[in-house]
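Working notes, beginning with the structure itself.
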Amino acid sequence: MPGPSHPSTSAEDYLERIHELIEEKGYARVVDIASSLNVKQASVTSMVQRLDGLGYLNYEKYRDLILTEKGKEVATQIQQRHETLTRFFSIFGLDPETQRRDIEGIEHHLSPETVHFLSELAAFFEKNPAVLDRFTKCRTPQP
Ligand code: MN
């Protein structure tokens, strides 16, 4: 989601993970974010301070993070985009772990137009299993 009103790539990763942690556990702490993103706590602290400054969350030392309405909205969009990509890649039977890693790698770099296109393509194949079947039969093993 590049653009002046949107967070950077790595900020998106943080917002996505914070939202997931809150959904899973009910809270997101710096230590949990650090371990799940595999980064240092100091890096998390500096990023959450930045996100606080941009109005995406409220951060106070030793307190759980709270996403603002703006933060929740952006995190939800990030999550939906991830789901769209998962839906797309799942159609072709790609290995789930490879999918997850690849999606994490590309998701922040796709334009809304491309995500919309992939969503339409996924829906098309879901509605036309015979076409998907023809495509599947045309595929060649990966060299
Ligand atoms: Mn993701």
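The values are calculated or read from the model by the stated rules, or taken from the named source; none is laboratory data. Bear in mind that the values here come from a model prediction, so they are computed numbers and not experimental data. Don't worry about glycine lacking a Cβ; one is built from the backbone with ideal geometry, like all the others, and counts go over all protein chains shown. Quick note on the areas: whole protein, heavy atoms, side chains included, nothing else; ligands and nucleic acids left out. Shrake-Rupley method; radii C 1.70, N 1.55, O 1.52, S 1.80 Å.
What is the number of the single condition among (1) of a type in the set (A, V, I, L, M); (2) within 25 Å of residue 125 (Cβ to Cβ); (3) away from the ligand (no atom under 12 Å from the Cβ); (4) open to solvent by 50 Å² or more (accessible area, probe 1.4 Å) that residue 66 does not meet?
Going through (1) of a type in the set (A, V, I, L, M); (2) within 25 Å of residue 125 (Cβ to Cβ); (3) away from the ligand (no atom under 12 Å from the Cβ); (4) open to solvent by 50 Å² or more (accessible area, probe 1.4 Å) one by one, residue 66 breaks only (2).
Could you say which residue among 44, 39, 115 is free of Cβ contacts under 8 Å to residues at least 40 places away in the same chain and away from the ligand (no atom under 16 Å from the Cβ)?
None of the other options fit; the residue is 44.
Take residue 106 and tell me if it is aliphatic (A, V, I, L, M) and either open to solvent by 90 Å² or more (accessible area, probe 1.4 Å) or assigned by TED's automatic domain parsing to the domain that holds residue 20 (or both). Don't jump to the end; show me each part of the working.
Working: aliphatic (A, V, I, L, M): yes; either open to solvent by 90 Å² or more (accessible area, probe 1.4 Å) or assigned by TED's automatic domain parsing to the domain that holds residue 20 (or both): no.
Judged against the criteria, residue 106 is not a match.
Considering each residue of region 85-105, count those that are within 18 Å of residue 74 (Cβ to Cβ) and among the aliphatic types (A, V, I, L, M), and give that number.
Of the residues in region 85-105, the ones within 18 Å of residue 74 (Cβ to Cβ) are 85, 103-104.
Filter once more, so that each one left must be among the aliphatic types (A, V, I, L, M): 85, 103.
Adding up the residues that qualify gives 2.
Any residue that is modelled with pLDDT under 95 and of a type in the set (D, E, K, R) - is there at least one of those in region 67-77?
Scanning region 67-77, I find no residue that is modelled with pLDDT under 95 and of a type in the set (D, E, K, R), so the answer is no.
Taking into account only those residues within region 69-91 that are away from the ligand (no atom under 11 Å from the Cβ) and without any contact (Cβ under 8 Å) to a residue 24 or more places away in the chain, which is least open to solvent (accessible area, probe 1.4 Å)?
89
To keep it simple, each residue is scored yes or no on (1) assigned to a loop (DSSP other than H, G, I, E, B); (2) in contact with a Leu (Cβ under 9 Å, 6 or more places away or on another chain); (3) more than 15 Å from the ligand (Cβ to nearest atom); (4) not polar (S, T, N, Q).
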position	(1), (2), (3), (4)
35	no, no, yes, no
52	no, yes, yes, yes
103	no, yes, no, yes
120	no, no, yes, yes
125	no, yes, yes, yes
135	no, no, yes, yes
